Every structure is written in C-alpha cells, then in structure tokens.
1. Quick check on residue B:302: is it in contact with a helix residue (DSSP H, G or I) (Cβ under 7 Å, 6 or more places away or on another chain), of a type in the set (D, E, K, R) and on the phi > 0 side of the Ramachandran plot?
2. Mind checking which residues of region A:183-197 are crowded, with 19+ Cβ neighbours inside 10 Å, within 8 Å of chain B (Cβ to nearest Cβ) and not in a loop (DSSP other than H, G, I, E, B)?
3. Answer yes if at least one residue in region B:554-577 is among the acidic types (Asp, Glu), out of contact with any helix residue (DSSP H, G or I) (no Cβ under 8 Å at 6 or more places or on another chain) and free of Cβ contacts under 8 Å to residues at least 40 places away in the same chain, and no otherwise.
4. For residue B:252, only one of the following conditions fails: (1) of a type in the set (A, V, I, L, M, F, W, C); (2) at pLDDT below 95; (3) out of contact with any strand residue (DSSP E or B) (no Cβ under 6 Å at 6 or more places or on another chain). What is its number?
5. Looking only at region A:252-276, count how many residues are in contact with a helix residue (DSSP H, G or I) (Cβ under 8 Å, 6 or more places away or on another chain), in a helix (DSSP H, G or I), over 19 Å from residue A:324 (Cα atoms) and not hydroxyl-bearing (Ser, Thr, Tyr).
6. Among the candidates B:701, B:729, B:758, B:697, single out the residue that is part of a loop (DSSP other than H, G, I, E, B) and either within 60 Å of the chain's Cα centre (by Cα) or touching a residue at least 60 places away in the same chain (Cβ under 8 Å) (or both).
7. If the Cβ limit is 8 Å and pairs must be 6+ apart or interchain, which residue in region B:181-210 that is in contact (Cβ under 8 Å) with a residue 12 or more places away in the chain pairs with which residue that is loosely packed, with under 13 Cβ neighbours inside 10 Å?
8. Could you tell me which numbered condition residue A:207 fails, if it satisfies all but one of (1) more than 8 Å from chain B (Cβ to nearest Cβ); (2) assigned to a strand (DSSP E or B)?
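The values are calculated or read from the model by the stated rules, or taken from the named source; none is laboratory data. Everything numeric here is computed off the predicted structure, so don't read it as measured data. Every residue, glycine as well, gets a Cβ built from its backbone with ideal geometry; the counts of neighbours run over all protein chains shown.
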Amino acid sequence: MWRWRQQLLRLKSHGSDGKARAMIDDIVVQVKAARDGALARLVAAATSDDVRAVEIDVLGKKGSLTDLKTGLGKLATIEEKKQAGSALNEAASTVAEALAARLSELRRAERAVQLEVERVDLTEIMRQPQRGHAHVVTQAWQRLEDVFVGLGFQVAEGPEVETDWYNFEALNMPANHPARSMHDTFYVDHGAPGSTVLRTHTSPVQMRVMQTVAPPIYMIMPGRVFRNETTDATHLAVFHQIEGLVIDRGITLADLAGTIEAFTKSFFGPGFTSRLRPSYFPFTEPSAEFDIRTPSGQWLELGGSGMVHPNVLRAGGLDPEEWSGFAFGFGIDRMAKERHGINDVREMYSNDIRFLEQF
Amino acid sequence: MKIVHSWLNDLVPVGDDIDAVADLITNLGLAVEDVAHVGGSVAGVITARVLRTERHPDAAKVHRVFVDAGDGVERHVWCGAFNMQAGDIIPLATPGTVMPDGRAIEPKPILGISSDGMLCSSRELGLGDDHSGILILPGDVPLGVPYGEALGLGEEIVYDLDVLRNRPDCYGHLGVARDVAAKLGVELTPAPAHVDPVEPARSATVKIVDGDRCARFTTVVISGIVVGPSPDWMRRRLSAAGMRPLNNVVDVSNYVMLECNQPNHPYDLDTLGGGGFIVRRAKEGEEIVTLDDVTRAMSAADLLICDADDVPIGIGGIMGAKNSEIRDSTTTVALEMAWFEPNAIMASANKLGLRSEASARFERGVDPFGMGRAGSRFVELLRITCPDLVVHAGGVDERSSDLPRPNVVAVRPAAVSALLGTNFDVDAIRAIIEPIGFSCEPTAAGAVTVLTPTWRPDCTMEVDLVEEVARHYGYERLGKTVPKSTIPGGLTALQHRRRRLREVLLGLGISEAMPHPFLAADDLAKAGLPGEAVRLTNPLAAGDDVLRASLRPGLLKAIAFNESHRQVGVSLFEIGHVYPPSDDVLPAEYEALAVVLAGAQAADAVAVWRELASAMGWGARLDQSNVPAGTHPARSATLSLGRDPVGVVGEIHPDVADAFEVTERVAILELNLSVLLANEPSVPRWKPTSRFPSSDLDLALVVPDSVTAEKVDKAIRQSAGALLVDLQLFDVYRGAAAGDGARSLAYRLRLQSADRTLTDDDVAAVRTKVEAATSKLGATLRS
C-alpha cells in the first residue's frame, strides 16, 4: 500500500511529460476491469496467502493497476490525466480496503483454527514445581508469634540447655522444693552433677529477659522444652511451649485475664472466650489455669498462668513493690495437633515426607 | 484425691447437684478431673418375686421361672440355677441391661420360648465370688426397684480432684469441706467432741532420737476394742475412696486419714515390744519387712519407728512393718500420730521406691497440730463398733523444737487491691479469709496481721494471702482488662531474617523436618564427625544418649527413614539448636541450619547456598581445599567468613551414607546461623539498568583441572571490567577435545555500557583482555 502511494505521487509529478497518447476511456475500462477482477479474486480467496497474491498481482510493482498508472502519462490533457488518475486512485483504494478486510477475516478464521488445534486438557498435568512445606509446629509457632506481635508483644529466645538456677531456683523452686517433682527433668553431664538441665519449660527465658531488659516488658518466649517422660500418642519428651511475660507498673490479675481473652479471640476466633481458674505454680501467685470455651460451649484446658511471684521478680533483679507482672504459657505442638486433627503427636516428628507434605 | 460426695456432704451440706458441686470445687482451684459413680446397683437390674417355676420336658439343664417385677405382668425367664422358691425376691436383669462383665442381656429364646431377661448371681452383679445360685435378696422390699436397695448398697459419687502441691490439707475431706463451706457461706460440721481420757492411766512411751526428722509423736492407749467388720456406710466410702475395707480398727484409722489428712497407726499394745516407741534414723543396711511383705534395706537417710526394745516396727511416715499389724484378737491399741519433716519423707520414699497414702501426705505436709481433732474422730468412729472402748489417761505428746509454728503474715489491703485490680479493704479481706481458718488482727497502719492456720504450710507471704482472697472472691469476678503497653510489638531483626531464610528454603522446594535432638552415642562418629557430645545423665531410652552436636545425623536418619518407605529424592532442612560440649557454664549451644538433598549432587547444594547467600546478603568464601569432616573429599568445601568456618557445602561421604543405610547420594549444606543471622546484611543499592543494547560474548576456555572455575570466574570479572554485566558458565566439557587433565569451560559474557551502544571493537577489546588474564591461569581459548 505504502509503496504504491509513493509511486502514485511520483507518477503525478512526472506524468505530463509522456509522449504516447492513449484513450482515456480505454484506461478507465481497464481500471474497472482490474478492480472488479481483484474484488472477485478476493471473495474467492481461501487463505491469507491468496489475498497476498491478489495484492501483488494488482497493487504490486508489476501489478495491473500499477501498470495502468505508468500509462497515465500517455494521456493528452491534464483533465484526462486527472480523470483517469482519480479513477485509478478510487479503484486502488477500493481494492486495498477489500484486501485488508478479507485478510483480517481470513486471519481471524485461521487463528480460530490454530486455537482449536492447540486445545489441551488442563487436568493432564504430569509434573509441577514443588514448594517446600514448613513443619506444622513451625506453622503454629509463627501463627502464635504473629497474634502476640499484633497484641504488642516482642519475641525473646534462650538456650535449651540451662542451669538449675535458671530452670528452677530463680523460679522459686530451690533445691528440694516439692514442686520440682512436677517436672520430670533431664539432666546432662556438664559442670557439677545436677547443675545442668534440659529446660523443662520456657520460663528460664523470663529470668534472662528480666536480667537484661529494663521494664516495661511485653515478651513472648517460644521454644523447645524437654520432659523425661515416656512418649505416647499424646505426650512427647521433646516438645514446644510458648510463654508470655508482662512486667510493668500496676499490672493486675485482671490484666492477665484480659490479655488471655484478647489472645483467645484473635487466635481462635471471635466466638471463643476464656476463663481463669485457681491453680498452683511455684513461680506465680496467684496462679491460674486458663481455659478456652469453644463456640459450641465446650471448655478446653489450655495452659498455666499467674502473677509473677515476688521471689521471681527479686531473682530477676526487680523490686516487687515497684513492678508487678503476669506470665502464661502453653503448648505449641497441641495447637498444630488440634488444628489438623493429628491424633498421634509422634507422627509430627517422624520426618516422613508423606506427613510433612500434607501441610 | 478421691472425695466421696456423701462424705463431703456430712462435713458440709452441699446438696445433690453433682455438676454444681464439681464446678464449685474446680473454681476453688481443686480441679475435678472426673466424677465417677461407684458401687450401687447395675442399672436395669430390678427386684422381682418368683411366682412359680416349671420344668420343660426337653430342657434338662434349665427351667422356666415366672416372676413378678411389681407391674403385675407375669414375666418368663429361663434359668440354669434351681435354688429359688416361689415367693423369693431375686435380681432380674431386664433386656438391654449391660452386666458388669460387659455382657448385654437379650431376649434369647430357648426351645422357641423367649426369655424376659436373666436372673443374677452375686458374681454376675460384681458383688462377690458366689456363683452357686441366684442371689436371694432379703424379703420385705418393694418389687421393680434397683436390687441395691434391698442390699443396702448405696451408690457413691466420687470426685477425682487434682490436688496441687500447695494444698496438703485437701488430701483430706475436711480440707475440701472447709473451702467449700467458706465459698457457700455455710458452717462446717462441728469438730467431734473432745474425748476426756479416763483412769487407769496407761501409756505407750515415746523417745524421739532424731527430732529434726520427727518433730511430734503422740500416743494414746485405747482398750476395750473388739475387732470386727465396719458398718456398711464406712466400708462403702472407703472403697469409693480407693481403700480396701479390712476391719473396724484399720478402717477407722484409714477413715480418719482420708477425712482429717492425719495418717495414724494403731499398734496392738500387747505385742508392742517394751510397750513404747523409739523414733530414730536407721542404721546403714538395717532391714525391715514392710506391710506389703517386702524386705527392705534401710540407709541412714531413712527414719525408723521402733518399739521400746529398739526393734523396727515401721518406716517413719511411709509404711508400717509386717509385725505391727492389728490381729483379730487385738483388744488394746496404742494409737500413734506424728509429724515428720516433709522433704526427708519425700527423699526417703523416692529412694525406697515406696509410696503410700501416708507418705504422700507427710511429704506434702500434714497439720502439726491436727492430732487432737483426728484422735477424737478416731475414738468417735471406733465407738460405733466398740461401744465399750476406753480412752486411757497417760497419753504422750513428744515434740521437738523443729515443730512448725503458725506463720504470721502482714497483709496490706493496698497491696492486695493493686495485684487483683479490685479494691479490698480490711473488712473485705477478713470476711474472705477468716472462714477458711486465718485469724486476723487489724493494725494501726491499716494493714492486717494474719495468723495462718497450721494446716496451710503454703501460706507464708503476703502474696499467698492475695491468692486466698482472689480464690474465694472468685477469679471470674475480678474482671478482664488489657494493660496499656507503650512497647511496640514485633520480631527482632534476627527473627525476621530467620523467617526470610525459611521462606527462601521453602521456595526452593525443600521441606522442613524436626528430628529428635538426642542421638545415640555413636551417631556422630557414624557421621564422620569428630568431637565429644554432651551426655544425658538420665536418658529415656537407649539411642537417646547424647545431645546432638550437629544436625547432620538426625537428617540422615530422616533420609534413611524415607528411603525405607520408598520415598526417594527427598529434600529436607532443619533449623535448630546443636549443643557441642564446652568448658563454660553451659554447652556451646548455637543455632544451625542443615539442608540435605537426597539423590542430588554437590552442585545442587552449592546452588542452594548461592541462592540463600544472595537472598540473605551473606558473603562467605567456598574453600574446597578445606574438606569438612564426614563429607565427600573431592566434592565438598568449607564455607568461611574471614578465617572462621561458618558452614559446609558438598556431598556426604559415601562411607557415612553407608553407615546410615542411605543408598542415594546426599548433597548437604550446613550453616552456623548464630553467626550468619547475627550480621546485619547490607541493603542492596540500586544500579540503573542501561538503556543501550547489550552484546553477548561466548568464550570456551580449556582450563587445567588444577585451576578452579572460581579462579577463572574471578579473572574474567576483573579483566572484563565495567562493561561486564553478567557472567554465566553454561557448559563444562571433559573429553578428548579438551585434552588430559583439563576441561573446557564455556562462559557467556553479557557486555553493556550505561551510556552508549557497544561497537565490535569494544567487544574485541574485552575478548583480548579476558584471553590475556585467563592465559595467566593456564587457560587457552578453544577455537
């Protein structure tokens, strides 16, 4: 098209110099014939290649209309040249339009054929990229962290092998304290006999936090803990706990209840509520178990809590007359177990890829 | 602790709404874990009168019994026992009844005639061993009622309480009753009347040798005893509470213990050597045969109760000796009640592996002044079966200076209110704690001086009283508030970095494992890892002997496990602590990452490392000349940060794979996260992307095997200069064309300028420089 117009312009500027004189009527007739022939061929064209052939035959360098253009110079008068040129232009643009229309029509049809040929069954999947699967306990751990972070808590960590002082003594369980018998403790051969334990709870981190962070303290302490008890479907010797510690001025038992309630609603859902129930732990007083109530009205025991015992505050270097606080803790593994309906906790630590990839 | 409802109800009227009582007790901090219905009738078994019996000509071993169960309908039962007559009242198990042995009663027809149930023997009802015939019930009972009514079998409801360490008093019904009475605002049943001893005086002498271990020892002589069975109600309650009824003397002794939390021991005075007691530490190796018929060797840490001839007759606070039992012929007892030091009882019971109802109570701490009430109760109860008993004057009460005294605690209402978030004044505090035995004396300063009851050894500080106030006021009434924190919540930078690391690993298709942190003693050696491990002093199982000093053995076990379950090509990672030994206060615990790729090659592990390093901003040097322990010597490298090794990358040594029974190749990456995560990574700076076209230059270099690709890489980067925007090693060829001891490394250099279109001359210049630089390494350009 573009090339043809160039030629046409050239033609217009030089045509009057031609010597041969042709009959204007003859040219007009030929133009019409060429046009009609082209249009007829376009109608009959079956492929885009057929259309391109028409383009070459009619509008190409040696096309019939192009040939006729070269003959314009032979006409006698400007008037004749104008008349024939206009007829030629009209025919050429008619052909060009028809050509474009037919080409687009045929391309659409050809694309439609191509698309249908390319049809695949999207359920015939032979391989797919594999994501890695985070451990269920990690998933629960991070969900818990996220909820507590949202409630304004920071996250602290500590060693899993601990001194007797951090695990027991500083937590108001001096040597021979009867409550030590509530903990089935793993001891390790390190230092003086009985001086080093695998932490039986995450509470030693409380003590490390108190010693290193000036209050106010709003911390949670997730981590691995150890109990020397026989493993079965619901008990593990190695498992995970998350513990919370708040130390500030004027912290009350009601603040503990309110924090547990806020956690319950954000972690389990707005339909859940919580309650505190008197209990006993050496490191808190008053102490409380906390239970959650499911929307169906069932109470589930979740964990232990209480106001940080003055002896524990003192061991952490804080004056109980100035600071008060609360602590709470519960199992992480159980969150994963309940969420996914895993009825044997040992399965969670089988490292069986068939288990890991379920979550 | 099993609390029997009827027993509790004797001490404090609690009504018969069992769920409400259980909730009440739970909310006092004495969690009711279970409510059981003990004894009583088997549901569905009712009284019926035998109307007539009839033989059937075709049935030799059974006959037909027609009964009336009070509804006027004649019922027919096939029965294999023949001991009943018309008019007898017998227990009829109606169809649908589930017998104590689990058998369900169905209308099973015999000879085409169905049976309306089953007549029961004693044994079938779980009442004893008698299966000689159908149980004939005493007459004179209504028909169609539970058979237990005819037998005086009452059902007992038992609350199973989780009594925690701070409440020794609740190991007796009285302690629970006291709390319940205060909560309900009702009076506790008054204490039994004090018993006035009478002449003639009779004494059982007492000599306490070790007063630090036994701070009080009382005896009183009671005569006129006739040993026989206890009343049904007492036997029933003892059974329900988990104790076997024996005879009236032993039963009363146990009953008093379960009620008053005062273990006690009635000794037959006629067989008590020297008519008295000596309380002393055992001699090393001294032997005693305890009531459970076991001969036990004592140590100096154990306390013995001896008769006045110094013959051991009991382990103090734990268990009596075989020779101290009450006999059927006993008429006179010396009733002993004592207070033993709790920690020593616990240690002794632990060491001997001998726990008894008495030791469980003494090790928690019984009331050092509870003998009076317990003694009176003993007499009151024994008098039911021995109306002629005599309590003799001459009782002995030996005490040592170690006997605990009541605690005096100053309680400030402001402190109580501050901790509970609700205001309590002096009157409110008194109203709450006086009913549970605390006596209060207001001070001029607005505080209260509290004298704690001797049965509450746990109450020694103000905060203990705060808990008592909260407990009896009700936790649920203290409200729920949220503290106003000024601290922003969030993860630390390190924690954020750990999460990112985990996400990248997961994105690489590697799943997270959590192997056990304990290893068998030889696991580290099997993994080819040097060094000692920290031993567990008291491992739970063989194979869990040491703390891991490396994550590697655990993950190799996981790979082996998966292989053995036909799961090959498994990729796992673990982020966890390892605990190598140290001379410090604690082992040299640190956080590590290990990645194992089963069925993969060293290059795959290096690729993981590169991706992690890029994502985390880690730069560590890969040093293949430093082969880490336990790895393939020709396919592994140490990752170093400065001079410090921070990791391992490569492949597991085939010997190690063999040792762990892993058949696949295993690529491995290990990193010390305590080091790597601690460093703040540099933040990537923006480099403008060029608008000008880039040119690619492919170079195949034949490089001697002695020269690492890393060196070639470095030489290319340095020589190519600023125009080099990307460098890829895209082909490695070893073979004849590369020659011996060398390989061909094909690199694609992408060249681009920030400010112009490169010319052929630019590209040629780079090519020349690279060729020159690499030729110094012995590389030649492959044509």
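1. no
2. A:188, A:196, listed by residue number.
3. no
4. Checking residue B:252 against (1) of a type in the set (A, V, I, L, M, F, W, C); (2) at pLDDT below 95; (3) out of contact with any strand residue (DSSP E or B) (no Cβ under 6 Å at 6 or more places or on another chain), the one that fails is (2).
5. Looking only at that region, the number is 2.
6. So the residue among B:701, B:729, B:758, B:697 that is part of a loop (DSSP other than H, G, I, E, B) and either within 60 Å of the chain's Cα centre (by Cα) or touching a residue at least 60 places away in the same chain (Cβ under 8 Å) (or both) is B:758.
7. Pairs found: B:181/B:187.
8. (2)
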